[in-house]
Amino acid sequence: MTRTPSPGASLVRVGQAITAASAWPGRAAAWLLVPLALLVLGTVVGSLMQVGTIVEWGVEVPILGTGLTINSLNELQWHLLAILTMLALPYALVENRHVRVDMIYGGLSQRRRVLVDLVGDLLFLLPFCVVIGYLSIRFATFAFTTGEQSTYGGLVDRWIVKAFLPLGLALLFLTGIGRILTHVGTLLSPEPEPRHG
């Protein structure tokens, strides 16, 4: 006789698939630490050598403009850091590397921890993602429509990095949905029987 999986088990599987997919960009973005470290090194060396303009190519290139300067390298650092941070948020949540109140959480049973996580995701995580996501879309759109760029010879096309704010929040929202499905599925599943032995 074949046992059909409980609705809870199906929800857990779907939730885990969603969280795995939404965390993947953060896992890939971790590699941005390598160029970020090289940019810091290049900026320090260039500043010590008092180099202003590193190279000019005369043609407009997205993000970089018509040349590469020390200011460009400096701004590129925070661009990469912003991208890394926004893409890593869902990954940190999936891997339980986020901040939470462990003094309350630590003394609870597994099911109560799941319930606390469920309530927290519903009351705090999803509304945060919606509100800040909405505002960040306006923020990125404004940068795009006004052609925002550096005021001191750095990078152009600031809308590109600002677009990672709503993207990261959308991935975090998806992670929240996946977690909620997983939590509901866990609560609907029968508790494992205690082992005697």
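The values are calculated or read from the model by the stated rules, or taken from the named source; none is laboratory data. Bear in mind the structure is a predicted one, so any value in this text is a computation, not a measurement. Neighbour counts are summed over all protein chains in view; Cβ atoms, including those assigned to glycine, are modelled from backbone coordinates with ideal geometry.
State whether one or more residues within region 149-156 are loosely packed, with under 14 Cβ neighbours inside 10 Å and hydroxyl-bearing (Ser, Thr, Tyr).
First pass over region 149-156, keeping only residues loosely packed, with under 14 Cβ neighbours inside 10 Å: 151-152.
Still in the running and hydroxyl-bearing (Ser, Thr, Tyr): 151-152.
For region 149-156, residues loosely packed, with under 14 Cβ neighbours inside 10 Å and hydroxyl-bearing (Ser, Thr, Tyr): present.
Of the residues 8, 42, which single one is touching a Pro at 6+ places or on another chain (Cβ under 9 Å) and surrounded by 12 or more Cβ atoms within 10 Å (Cβ to Cβ)? Walk me through how you get there before you give the answer.
On the way: 42 fails: touching a Pro at 6+ places or on another chain (Cβ under 9 Å).
Within the list 8, 42, the selection yields 8.
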Of (1) surrounded by 12 or more Cβ atoms within 10 Å (Cβ to Cβ); (2) β-branched (Val, Ile, Thr); (3) within 21 Å of the chain's Cα centre (by Cα), residue 114 satisfies every one except (3)
The number of residues in region 137-181 that are farther than 30 Å from residue 115 by Cβ, among the small types (Gly, Ala, Ser) and not in a loop (DSSP other than H, G, I, E, B) is 2
In the set 184, 130, the lone residue that is more than 22 Å from the chain's Cα centre (by Cα), assigned to a helix (DSSP H, G or I) and of a type outside the set (Gly, Ala, Ser) is 184
Cβ pairs under 7 Å, 6+ apart or interchain, first in region 112-135 and touching a residue at least 60 places away in the same chain (Cβ under 8 Å) and under 14 Å from residue 96 (Cα atoms), second among the basic types (Lys, Arg) and part of a helix (DSSP H, G or I), ordered by first then second residue, are 117/179; 121/179
Among residues of region 68-115 being basic (Lys, Arg) and assigned to a helix (DSSP H, G or I), the residue nearest to residue 23 (Cα to Cα) is 113
Checked region 52-65 for anything more than 21 Å from residue 160 (Cβ to Cβ) and surrounded by 13 or more Cβ atoms within 10 Å (Cβ to Cβ); matches are 53
Filter region 33-67 for residues that are assigned to a strand (DSSP E or B) and among the small types (Gly, Ala, Ser); the one that is farthest from residue 157 (Cα to Cα) is 58
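Can residue 182 be described as surrounded by 15 or more Cβ atoms within 10 Å (Cβ to Cβ), at pLDDT 95 or above and not charged (D, E, K, R)? Talk me through it step by step, then tell me what you get.
On the way: surrounded by 15 or more Cβ atoms within 10 Å (Cβ to Cβ): yes; at pLDDT 95 or above: yes; not charged (D, E, K, R): yes.
Here the answer is yes, as residue 182 does meet what is asked.
So for region 144-156 (the condition being within 15 Å of the chain's Cα centre (by Cα), at pLDDT below 95, closer than 17 Å to residue 76 by Cα and of a type outside the set (Gly, Ala, Ser)), does at least one residue qualify? Let's see the steps before the verdict.
Initial filter on region 144-156 (within 15 Å of the chain's Cα centre (by Cα)): none.
No, region 144-156 has no match at all.
Being over 30 Å from residue 187 (Cα atoms) and either of a type in the set (Lys, Arg) or at pLDDT below 90 (or both) narrows it down to one residue among 40, 45, 55; which is it? Let's see the steps before the verdict.
Values: 40 fails: either of a type in the set (Lys, Arg) or at pLDDT below 90 (or both); 45 fails: either of a type in the set (Lys, Arg) or at pLDDT below 90 (or both).
The match here is 55.
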